[in-house]
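The values are calculated or read from the model by the stated rules, or taken from the named source; none is laboratory data. In this text the structure is predicted, and so the values were computed from the model without any measurement. Cβ placement follows ideal geometry from the backbone for every residue including glycine, while neighbour counts extend to all protein chains displayed. Please note that ligands, DNA and RNA were not included when accessible areas were found on the heavy atoms of the full protein model with its side chains. Shrake-Rupley method; radii C 1.70, N 1.55, O 1.52, S 1.80 Å.
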Amino acid sequence: SQSARVAVMGASGGIGQPLSLLLKLNPAVTHLNLYDIVHTPGVAADLSHCETRAVTQGFVGDDQLKASLEGAEIVVIPAGVPRKPGMTRDDLFNTNASIVANLAKAAAEVCPKAFVAIISNPVNSTVPIASEIYKKAGVYDPLRIFGVSTLDVVRANAFLGEAKGVDPADVNCPVVGGHAGITIIPLISQCSPKIELPEDKLKAMTERIQDAGTEVVKAKAGSGSATLSMAYAAARFTDSLIKATQGQSGVVECSYVASDVTEAPYFATPILLGPNGVAKNLGLGTLSPFEEGLLKAAIPELKKSIAKGVEFVNKNY
Ligand code: APR
């Protein structure tokens, strides 16, 4: 059967470890490279004992960074610091911007054709950062760089299913825009199955989805942000990328990508995935007046975060 070579960058972290476990359990994965600045030899040794075929190898520290990316077809990036209570995703910018830029620089050099799936926050800025690094390296392909916004869809499905007594596994609610606060735009009017909520409940549900990350940050009381659900969402997204590369048709995931759907140059929408990455941007569909209002509020915020990422690369790289 076909190969699927995946590298996880930041594999020893709260997201990185459960994500690596889920990928090790994915029967489609043939090679799993785990990179971090600490602990990856142990994580890899441990995971390699699971009786699945993915050949699992650990790489640690700067000296082994390039080797970890050799032959990768999909590079998943959860490296970086997580939020503490009272922090927004944007507060992570200063630390995570350079981590993502340096990893992207190495990937652009070693595996320029690989799909890149970015988890490190603020995703609204880190995806533009990686893209600018690829542009500077002369290997930019907008169809191959993805922000993992899958957790917003996963949360919308979970909360809507719970509210309506429907198995969340049967709910599919597109979530568009960005991956932070008011830039997160759940399109509940396009949910399948159709879910009707009275206006006050619709507003409360929308806000819960937008603030769901903070719900976890508060509950974890200083020990970090979403890790297990984020790992699940990233494993689901990675699996979809693998299916698309292996020729399965009709694979759709919402993802934050370079976009001309709105005025924001990066924007999450449902994306039809194919062997070369984005096969077709499926756009926004028809929005309700309420969703139009959310979109209007999101765009300026999103444009600011994108500009900040672009500026960071122009100033420092
Ligand atoms: N290269 C590779 N890995 C790195 C680097 C680097 N330059 N810098 C830090 N790391 C690793 C850390 O060693 C750690 O193992 O990234 C991992 C981050 O793990 P945690 O601190 O547990 O953070 P986590 O909760 O996994 O969140 C990581 O994902 O959702 C986002 O906002 C979240 O930006 C944060 C990121």
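Please give the helix 289-316 orientation as an angle from the longest Cα principal axis of the chain, in degrees from 0 to 90, rounded to the nearest 10.
Helix 289-316 sits at roughly 30 degrees to that axis.
So which cysteines of the chain have no other cysteine's Cβ under 4.7 Å from theirs?
Cys50, Cys111, Cys254
Using a 10 Å cut-off on Cβ atoms, rank the peptides 53-64, 98-109 from the highest mean neighbour count down.
Numbers: 53-64: 16.9, 98-109: 21.0.
Result, highest mean Cβ count within 10 Å first: 98-109, 53-64.
Label points 7 Å out from Cα along the Cβ direction at Gln2 and Leu272: separation in nm?
Label-label distance for Gln2 and Leu272, simple model: 1.7 nm.
PRE reach from Ile37 (point 7 Å along Cα→Cβ): which of segment 73-93 fall under 16 Å by backbone N?
78-83, 92-93
Measuring from label point to label point, each 7 Å out along Cα→Cβ, what is the Ser98 to Asp170 span in nm?
Label at Ser98, label at Asp170, 5.2 nm between them.
For segment 239-317, restrict the atom set to alpha-carbon positions and state the Rg and Dmax in Å.
15.0, 42
Tell me which of Gly14, Ser68, His39 sits at the most positive position along the dipole axis of segment 14-81, charges placed on C-beta atoms (Lys, Arg +1; Asp, Glu -1).
Gly14
Anything over 19 Å Cα to Cα? Flag those among Lys194/Lys296; Lys113/Lys135; Lys164/Lys203, in the order listed.
Values: Lys194/Lys296 24 Å; Lys113/Lys135 13 Å; Lys164/Lys203 15 Å.
Violating the 19 Å Cα-Cα cut-off are Lys194/Lys296.
Only bridges whose two residues both fall in the chain count here: according to DSSP, what percent of them are antiparallel, nearest 5? Walk me through the numbers before you get to the answer.
Details: 18 of 39 bridges.
The antiparallel fraction comes to roughly 45 percent.
Across the Cα atoms of segment 195-263, what radius of gyration and what greatest pairwise Cα-Cα distance (Dmax) are found, in Å?
Gyration radius and largest Cα-Cα distance of segment 195-263: 16.5, 44 Å.
Report the extension gain between Gln248 and Lys218 in nm, rounded to one decimal, defined as 0.36 nm multiplied by the number of residues separating them, less their alpha carbon distance. Provide the component values of the computation, followed by the final result.
Details: separation 30, 0.36 × 30 = 10.80 nm, distance 3.96 nm.
Length gained, Gln248 through Lys218: 6.8 nm.
Which value at 222 nm does the chain reach when only helices count, each DSSP H run of 4 or more adding -39,500 (n - 2.57), with the total divided by all residues and rounded to the nearest 500 deg cm²/dmol?
Working: 10 runs with 138 residues, N = 317.
For the chain, the value works out to -14000 deg cm²/dmol.
Is there a quick way to get the dipole size of segment 59-195? I mean about its Cα centre, with the Cβ of Lys and Arg at +1 and of Asp and Glu at -1; what is the value in debye to the nearest 20? Walk me through the numbers before you get to the answer.
Numbers: 12 positive and 13 negative charges, 53 e Å.
Dipole magnitude for segment 59-195 comes out near 260 debye.
Only Lys, Arg, Asp and Glu count, each charged at its Cβ (+1, +1, -1, -1), so figure out the dipole size of segment 1-90 about its Cα centre, rounded to 20 debye.
260 debye
Leaving ligands, DNA and RNA out of it, report the carbon-plus-sulfur percent of the accessible area of the chain at a 1.4 Å probe. Don't skip to the answer; put the middle values down first.
Numbers: 7260 of 13440 Å².
The C+S portion of the solvent-accessible surface of the chain is 54 percent.
How big is segment 109-241 on each of its three principal axes, counting only the C-alpha atoms and giving the largest first in Å?
Result for segment 109-241: principal-axis Cα extents of 50, 35, 24 Å.
Using alpha carbons only, what's the Rg to Rh ratio of segment 44-144 with Rh from Kirkwood?
Details: Rg = 14.7 Å, Rh = 14.6 Å.
Rg/Rh: 1.01.
Treating only the Cβ of Lys, Arg, Asp and Glu as charged (+1, +1, -1, -1), what charge dipole size does the chain show about its Cα centre? Round to the nearest 20 debye. It would help to have the intermediate numbers written out before the result.
Values: 28 positive and 30 negative charges, 61 e Å.
That gives a dipole near 300 debye.
Over segment 1-96, give the accessible area per residue in Å² for a 1.4 Å probe, as an integer.
Working: 4440 Å² over 96 residues.
Solvent-accessible surface per residue comes out at 46 Å².
Considering only C-alpha atoms, what is the centroid distance from segment 82-156 to segment 15-79, in Å?
A separation of 18 Å, based on Cα centres.
At 0.36 nm per residue, minus the direct Cα-Cα distance, what do Arg208 and Asp46 gain on full extension? Give it in nm, one decimal, please.
On the way: separation 162, 0.36 × 162 = 58.32 nm, distance 3.69 nm.
Contour length minus Cα-Cα distance gives 54.6 nm.
When the chain is fully extended, how far beyond the present Cα-Cα distance does Ala137 get from Met87, taking 0.36 nm per residue of separation?
Working: separation 50, 0.36 × 50 = 18.00 nm, distance 3.28 nm.
Contour length minus Cα-Cα distance gives 14.7 nm.
Do me a favour and compute the ellipsoid semi-axes for the chain from its Cα gyration tensor, root of five times each eigenvalue, largest one first, whole Å.
Working: eigenvalues 171, 93, 76 Å².
Largest first, the chain gives 29, 22, 19 Å.
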